[in-house]
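Structure first, commentary second.
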Amino acid sequence: MTGVAACGLRPYEFHGTVMQSPSPAAPFSLMSNTGQRVSLDDFRGKLVMLYFGYTYCPDVCPATLVEIAGAMDILGEDAERVQVIMISVDPERDTPELLGKYVAHFDPSFLGVTGTPDEIAEVATLYGIYFEKHEGTAASGYLVDHTATTMVLDEEGRLKLLLPFGVTAADMAADLAQLLR
Amino acid sequence: MKRFLLYGFYTLLIVVVGGAFAFKVFQPVQVLPRIRLAPGFALIDQAGERLTNEDLRGQFTLYNFGYTRCGSACDLSNQSMREMQDKLDELALGDIPVTLVTISFDPEYDTPERLQAYAESVGADPARWRFATIADPSLLKYVIGGGFETYYEAQDDGSFAFDPAFVLVDGWGIIRGEYRYQTMASDAERIMRHLEVLADEAINSKGSASVAYEAAHYFLCYAP
């Protein structure tokens, strides 16, 4: 393998964990900021970036969404082949309207989706997302601790790549470009 | 010149294809498959402490499922967990911690106090083997039934019908091994071997060596 690498044929190294031979990701049907329920099947043929967050999130969510938006900018026209979806882990406060305004701050093509607390609990559990309310300040209200992993699903709706918190826009764009090849 | 380039191309092709074939046949590196994401959860353990999947990130976790009124139906599974708990120090795992977690599907009866008493009765070391559950039955079903894909169902007499299973999860929260239908003592040997395979990848899959491990995933060079 070293010889292959030395010849410049070294395989691309992703900035997260790649799922080889992935199985279909857990299906869901949730209400989006467009007023329509959306499911993974609606995005067949596109890569889907899934992020679990919430609009009152003070730090981790905006930091991640800024990087994702930056990756879309770097991808240029290819960004049309990627759908970014933020699933709310705060269904009690995040209405579809609020989610729509929030995600539009980062990129107008992003979708924000929510559901009943039970729907959110199920989808979060199945995507390995821990989330739990805890006390915030009087100004922020309660906060929600949550897993900050970003997931990339391939064009067939299979979980392909897990990106940890902190991956830069440039590295995300490089990974997405590799998956779009 | 053209002929020289052609020979060069064919030679390179033979090296690449031959190398890939040799890798597949001889499997110089073996890995465990990345099966799917393990579920997210917030459990309460036998000490009344919160235990989330995020707490277990960066270490290996072996799960099994049961309940304190299980009786002899859980004996083999508990014996295997006990055996692994006692042998963890003998395994080549570097400094990667391993936690054993038994999730009860009987939260109504299995209070932390009862889980504590049960843990003691099966010889669990609380630093290594935790017993936990979730009060909300719907959430519990999403975790065990949905995320871990393990069947259980309450019976009229208060017992549970269930399929015994062990599930091995890596530090990324990805399921790397599922051991079902035969919770025999032999499972413990296989799981411990698999823990060493996981550790080998976590420790050595860095820099240029990561190419070999990714190739092992690509060619499905899975440890038996």
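The values are calculated or read from the model by the stated rules, or taken from the named source; none is laboratory data. The model shown is predicted, which means the values in this text are computed figures rather than measured ones. No Cβ is skipped: glycine too gets one built from the backbone with ideal geometry, and neighbour counts run over all protein chains shown. We work out accessible area using only protein heavy atoms, side chains counted, and drop any ligands, DNA or RNA first. Shrake-Rupley method; radii C 1.70, N 1.55, O 1.52, S 1.80 Å.
Things worth noting here:
- Qualifying residue in the range B:71-86 (condition: part of a strand (DSSP E or B) and either under 28 Å from A:ARG158 (Cβ atoms) or assigned by TED's automatic domain parsing to the domain that holds B:VAL122 (or both)): no
- Of all residues in the range B:57-64, one or more are in a loop (DSSP other than H, G, I, E, B), at negative phi, among the charged types (D, E, K, R) and open to solvent by 10 Å² or more (accessible area, probe 1.4 Å).
- Subset of the range B:34-53 that is assigned to a loop (DSSP other than H, G, I, E, B) and modelled with pLDDT under 95 - its residue that is nearest to the other protein chains (Cβ to nearest Cβ): B:ARG34
- When the range B:184-223 is filtered for residues that are part of a loop (DSSP other than H, G, I, E, B) and open to solvent by 70 Å² or more (accessible area, probe 1.4 Å), the ones remaining, listed by number, are B:MET184, B:LYS206, B:LEU220.
- For the range B:111-137, the set of residues classified as small (Gly, Ala, Ser) and either under 17 Å from B:SER77 (Cβ atoms) or under 23 Å from the mean Cα position of the chain (by Cα) (or both) consists of B:ALA119, B:SER121, B:GLY123, B:ALA124, B:ALA127, B:ALA132, listed by residue number.
- The range A:63-95, residues that are under 26 Å from A:SER140 (Cβ atoms), of a type outside the set (A, V, I, L, M) and within 12 Å of the chain's Cα centre (by Cα): A:THR64, A:GLU67, A:SER88
- Of the criteria (1) within 27 Å of B:ASP89 (Cα to Cα); (2) not assigned by TED's automatic domain parsing to the domain that holds B:ARG57, which one B:LEU220 fails: (1)
- Filter result (closer than 24 Å to A:ARG158 by Cβ and either touching a strand residue (DSSP E or B) at 6+ places or on another chain (Cβ under 6 Å) or not small (Gly, Ala, Ser) (or both)) within the range B:31-53: B:VAL31, B:LEU32, B:PRO33, B:ARG34, B:ILE35, B:ARG36, B:LEU37, B:ALA38, B:PRO39, B:PHE41, B:ASN53
- Per the conditions (1) surrounded by fewer than 18 Cβ atoms within 10 Å (Cβ to Cβ); (2) in contact with a Pro (Cβ under 9 Å, 6 or more places away or on another chain), the sole criterion not satisfied by A:ALA169 is (2).
Listed here are the residues, each with its yes/no results for (1) under 23 Å from B:ASP187 (Cα atoms); (2) open to solvent by less than 60 Å² (accessible area, probe 1.4 Å); (3) of a type outside the set (Ser, Thr, Tyr).
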position	(1), (2), (3)
B:ASN53	no, yes, yes
B:CYS70	yes, yes, yes
B:GLN85	yes, yes, yes
B:PRO112	no, yes, yes
B:ALA124	yes, yes, yes
B:PRO137	no, no, yes
B:GLY145	yes, yes, yes
B:GLU153	no, no, yes
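- Looking at B:ALA119, B:ALA154, B:ALA135, just one residue is over 27 Å from B:PRO33 (Cβ atoms) and within 14 Å of chain A (Cβ to nearest Cβ), and that residue is B:ALA135.
- Scan of the range A:130-164 for residues that are of a type in the set (S, T, N, Q) and either under 12 Å from A:LEU47 (Cβ atoms) or assigned to a strand (DSSP E or B) (or both), ordered by number: A:THR150
- Counting only strands (runs of 3 or more DSSP E) that fall entirely inside the range A:5-123 and contain at least 3 residues that are more than 14 Å from every other protein chain (Cβ to nearest Cβ), touching a residue at least 60 places away in the same chain (Cβ under 8 Å) and surrounded by 14 or more Cβ atoms within 10 Å (Cβ to Cβ), the qualifying elements are A:29-32, A:47-53, A:111-114.
- Looking at B:ALA117, B:ALA124, just one residue is at pLDDT 95 or above, among the small types (Gly, Ala, Ser) and touching a strand residue (DSSP E or B) at 6+ places or on another chain (Cβ under 8 Å), and that residue is B:ALA124.
Each row is one residue, and each column tells you yes or no for (1) within 19 Å of B:ASP187 (Cα to Cα); (2) open to solvent by 30 Å² or more (accessible area, probe 1.4 Å).
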{"site": "B:SER80", "(1), (2)": "yes, no"}
{"site": "B:LEU91", "(1), (2)": "yes, yes"}
{"site": "B:VAL101", "(1), (2)": "yes, no"}
{"site": "B:TYR118", "(1), (2)": "no, yes"}
{"site": "B:SER121", "(1), (2)": "no, yes"}
{"site": "B:PHE131", "(1), (2)": "no, no"}
{"site": "B:ILE134", "(1), (2)": "no, no"}
{"site": "B:LEU140", "(1), (2)": "no, no"}
{"site": "B:ASP157", "(1), (2)": "no, yes"}
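- Only a single item in (1) out of contact with any helix residue (DSSP H, G or I) (no Cβ under 6 Å at 6 or more places or on another chain); (2) open to solvent by 20 Å² or more (accessible area, probe 1.4 Å); (3) among the aliphatic types (A, V, I, L, M) is not met by A:VAL144, and it is number (2).
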